[in-house]
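Visitor: Once you've had a glance at the structure underneath, I'll fire off some questions.
The values are calculated or read from the model by the stated rules, or taken from the named source; none is laboratory data. Treat the numbers as computed from the prediction; the structure is a model and nothing was measured. So basically every Cβ, Gly included, is an ideal-geometry build from the backbone, and we count neighbours across all protein chains shown. What goes into the accessible areas is simple: the full protein's heavy atoms, side chains included, and nothing from ligands, DNA or RNA. Shrake-Rupley method; radii C 1.70, N 1.55, O 1.52, S 1.80 Å.
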Amino acid sequence: MAERADDRLLRLLGIVAYLDGAGPVPVADLAKRFGTTPAQIQKDVDALWVSGTPGYWPDDLIDFDAASIDRGVVHLTEARGMTRPLRLGTREAVALVAALRAMKATGAVQADPARSAVVESALGKLTDATGEAASAVDVRLAPGGDRQVVAAISSALVAHRRLRIRYVTSSDVVSEREVDPVRLHTQDEYAYLAAWCYRAAAPRTFRVDRILEAVETDVPVQEHPGVGEPSAEIDFAALFAGGSSPLATIRFAPRARWFAEEVPVESVRNLPDGDFEVTLRVTNPGWLRSTLIQLAPYVRSVAPRPLADDVAGAAREALDVYGASSVPRDGATSANHH
Amino acid sequence: MPSPAAPALNPAERLLNLVIALVNTNAAMTKQQVRTAVAGYSDAPSDEAFERMFERDKDMLRALGIPVVTVGTGGHTDELGYRIDQDAYALPPIDLTPAELGVLSLAAQFWQDKTLQTDINRAMVKLRAAGAGDPSADALAGLAPSVRAVGDAYGPLMEAIEARRAVTFSYRAAYNGAVLTRHVEPWRIAARDGGWYLMCFDRDRQAPRVFRMSRIESRVRITGPTDAYEIPDFETDVMLGKAHGEVRQAVVAVRPERAGALRARAKPVPDGEREAYNGRLPRPAGGADGGADDRADDRAGARAGWDILEVPYRSLSGMAAEAAGYGAALVVLEPQAVREETLRRLTAAAALGSGPETGSTAGTQAEATRG
């Protein structure tokens, strides 16, 4: 894919400004610093070499030491005054500062004073340099679960040690597992632990607020090929995976719109009266049952019929339990009971 | 003699030569001087093509944080001159440690949107050009914070906030699903609890308003002059109405081993108060330990069948929804308002099925058309 002209210009100027202070630098190091390939750095150097002030006589041009280039080292000998690094634009500063502020507030950073300190100092230097309040964007992520749980996970990640956790699934089943932690994703309203689970003998993702207890063991983590390849994104498709699961169609009143926005659905159809209809795969019946009961006042219809009956049956069972309770229906409270 | 190094320079190289020329010029360069002297511009086949090229290049440089300033050339013409002041664009010295750079690199993975990734990658190129060592990821090993995509509205909204310009868009209201055109003055965008919100002044309502960005159904169009309004000082959470509701306590009875996620933030009711609830517990009905119907056994059985917990909550409807979601595994004892709201949800859910006695196959569609 062709690189955009403005992105390349930034790098060209960046290379000159950097080399002016850095002395001779190997091509490979430059490539790493500017996130590109050595071949691209060669092209950049070739372009810089013929650029300069109008006239474009040899003395007008940016210049490099030719002998060094042959050895794979870039040695700038004439910068044509282009020695100052560029200041950050407002949008660039906003993007960085908002991300750092959000990171600073996560449980995983708060749990560790050393981490808090480094995020804090990076943020401080950045706002000093940009001089921007950068308050146009304000992001807060999930608090990230119980403090002790988060602290144990963070510590195990750094020390590369196995964790013993007690976990409750979205179907409300509690289990004990030993896991090798790989990564702690904090995304939006939840934090997730990506790990190798010995109980499942497979990679698993755990929602941190559902980890009831976490204990760092002294067993070092093992290699699990293919687990936790660096990727900041959570694979929600995989979390809710299952192309072969049955489809359900649910019609909601407008007030339940968040469901369509936050749950991975196959399709959403807006209806003329403001209602909307979603189609989704039923990969986790327990979760869907519980969610539909929660949203019931805004649910207009559920198909197929067995799913609707399942939800209604669970609700009726609960109503029976309430009916059997001896709490007076006129609203007495414990304060005046007895 | 102007002798461009290559017959057709690519845009990045033309821009580079423009920047070098305008930084090094003594006073300023006129457009005509740019066209004849700067490598790449003599390629323009016509006056119009040159004008377009030059204007586009100036816009691109401004977007990168390299403002081209306009000055009078003095003398007897009123022709404008152009130059770039390095002082205006230079990054102040910023001395980042490897650990701090590592933190910034992590921030670069924070955004899912292409526009924001571009913004942050540019920031990284600039910071890397300013020196410092290599980033070290040790400080934040294993962490991967990220926020969900903002969507296409981000670009125009940021532009509008920066320039203090108004925007219009069509928006689907949550309470009735109607789509209306809105005219607003954007102040800030914020992410909370998995949603993106636009905080702004609504010109139609003449009041501050919060819009959920996922419900913006059209492109966001920027309209009107710059500096059309001022952005007041305000707290995001106050405007969103969060962190307002005080923390209250509900008392619930939970089956042993159930409602694990709720238990994680609950605590048992103090021993002294347990007695007050024991008499009000439902019988361990529906498949508990066989025959616990004996009257004498009732209280002991109730105690064995349920744990009584105190759960903190802020939102009544949120607490009721959570409680209803656990079905028969949890009973709300107090307060009455949460209990009633929970029952309302359960009752509505019970009505979703066909019911044991009615067997109408067309029922779901028919009974559900109007709520």
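Visitor: I'd like the full set of residues that are among the aliphatic types (A, V, I, L, M) and over 25 Å from the mean Cα position of the chain (by Cα), limited to the stretch B:225-272.
Guide: Correct list: B:Val247, B:Ala250, B:Val251, B:Val252, B:Ala253, B:Val254, B:Ala259, B:Ala261, B:Leu262, B:Ala264, B:Ala266, B:Val269.
Visitor: Within the stretch A:133-140, is even one residue open to solvent by 60 Å² or more (accessible area, probe 1.4 Å), over 20 Å from B:Gly102 (Cβ atoms) and of a type in the set (S, T, N, Q)? Give the steps one after another, and end with the answer.
Guide: Going through the stretch A:133-140, the residues open to solvent by 60 Å² or more (accessible area, probe 1.4 Å) turn out to be A:133, A:140.
Filter again for over 20 Å from B:Gly102 (Cβ atoms), leaving A:133, A:140.
Retained after the next criterion (residues that are of a type in the set (S, T, N, Q)): none.
No.
Visitor: Can I ask one more? Given the conditions (1) outside any strand (DSSP E or B); (2) touching a residue at least 60 places away in the same chain (Cβ under 8 Å), which single one is not true for B:Val252?
Guide: (1)
Visitor: So which residues in the stretch B:257-273 are open to solvent by 50 Å² or more (accessible area, probe 1.4 Å) and either outside any strand (DSSP E or B) or facing chain A (nearest Cβ under 10 Å) (or both), if there are any at all?
Guide: If the condition is that a residue be open to solvent by 50 Å² or more (accessible area, probe 1.4 Å) and either outside any strand (DSSP E or B) or facing chain A (nearest Cβ under 10 Å) (or both), then B:Glu257, B:Arg258, B:Arg263, B:Ala264, B:Arg265, B:Pro270, B:Asp271, B:Gly272, B:Glu273 are the ones that fit.
Visitor: Ok, one more. Can we say B:Asp204 is outside any loop (DSSP other than H, G, I, E, B) and acidic (Asp, Glu)? It would help to see each step written out before you state the result.
Guide: Values: outside any loop (DSSP other than H, G, I, E, B): no; acidic (Asp, Glu): yes.
When the stated conditions are applied, B:Asp204 does not pass them.
Visitor: Considering each of A:Ala156, A:Ala191, A:Ala151 in turn, give the residue that is part of a helix (DSSP H, G or I), buried (at least 23 other Cβ atoms within 10 Å of the Cβ) and at negative phi.
Guide: Of the residues listed, the single one that is part of a helix (DSSP H, G or I), buried (at least 23 other Cβ atoms within 10 Å of the Cβ) and at negative phi is A:Ala156.
Visitor: Based on what the data block shows, is A:Asp128 among the acidic types (Asp, Glu) and not in a loop (DSSP other than H, G, I, E, B)?
Guide: In short, yes.
Visitor: Filtering the stretch B:133-153 down to residues that are farther than 18 Å from A:Val139 by Cα and of a type outside the set (Gly, Ala, Ser), which residue is modelled with the lowest pLDDT?
Guide: Among those that are farther than 18 Å from A:Val139 by Cα and of a type outside the set (Gly, Ala, Ser), it is B:Asp138.
Visitor: Determine whether the stretch A:212-228 contains at least one residue that is part of a strand (DSSP E or B), touching a Pro at 6+ places or on another chain (Cβ under 6 Å) and modelled with pLDDT of 90 or more.
Guide: No - not one qualifying residue is present in the stretch A:212-228.
Residue-wise test of (1) at pLDDT below 90; (2) in a loop (DSSP other than H, G, I, E, B).
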residue: B:Met124; (1), (2): yes, no
residue: B:Gly155; (1), (2): no, no
residue: B:Met158; (1), (2): no, no
residue: B:Ile161; (1), (2): no, no
residue: B:Tyr171; (1), (2): no, no
residue: B:Tyr175; (1), (2): yes, yes
residue: B:Ile189; (1), (2): no, no
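Visitor: Name the one entry in A:Val139, A:Val158 that is facing another protein chain (nearest Cβ under 9 Å) and without any contact (Cβ under 8 Å) to a residue 12 or more places away in the chain.
Guide: A:Val158
Visitor: Could you list all residues from the stretch B:134-150 that are more than 7 Å from every other protein chain (Cβ to nearest Cβ) and either open to solvent by less than 30 Å² (accessible area, probe 1.4 Å) or farther than 27 Å from A:Thr106 by Cα (or both)?
Guide: B:Val150
Visitor: Hey, another quick one. Tell me whether the stretch A:3-15 contains one or more residues that are on the phi < 0 side of the Ramachandran plot and over 33 Å from the mean Cα position of the chain (by Cα). Can you show your working first?
Guide: Start the filter on the stretch A:3-15 by keeping residues that are on the phi < 0 side of the Ramachandran plot, which leaves A:3-15.
Still in the list and also over 33 Å from the mean Cα position of the chain (by Cα): none.
Within the stretch A:3-15, none of the residues are on the phi < 0 side of the Ramachandran plot and over 33 Å from the mean Cα position of the chain (by Cα).
Visitor: So, one more: Mind checking which helices (runs of 4 or more DSSP H) fall wholly inside the stretch A:32-115 and carry at least 3 residues that are surrounded by fewer than 17 Cβ atoms within 10 Å (Cβ to Cβ), of a type outside the set (Val, Ile, Thr) and within 11 Å of chain B (Cβ to nearest Cβ)?
Guide: Helices (runs of 4 or more DSSP H) meeting the threshold: A:38-49.
Visitor: I'd like the full set of residues that are closer than 15 Å to B:Ala160 by Cα and open to solvent by 30 Å² or more (accessible area, probe 1.4 Å), limited to the stretch B:187-202.
Guide: The answer is B:Phe201, and nothing else.
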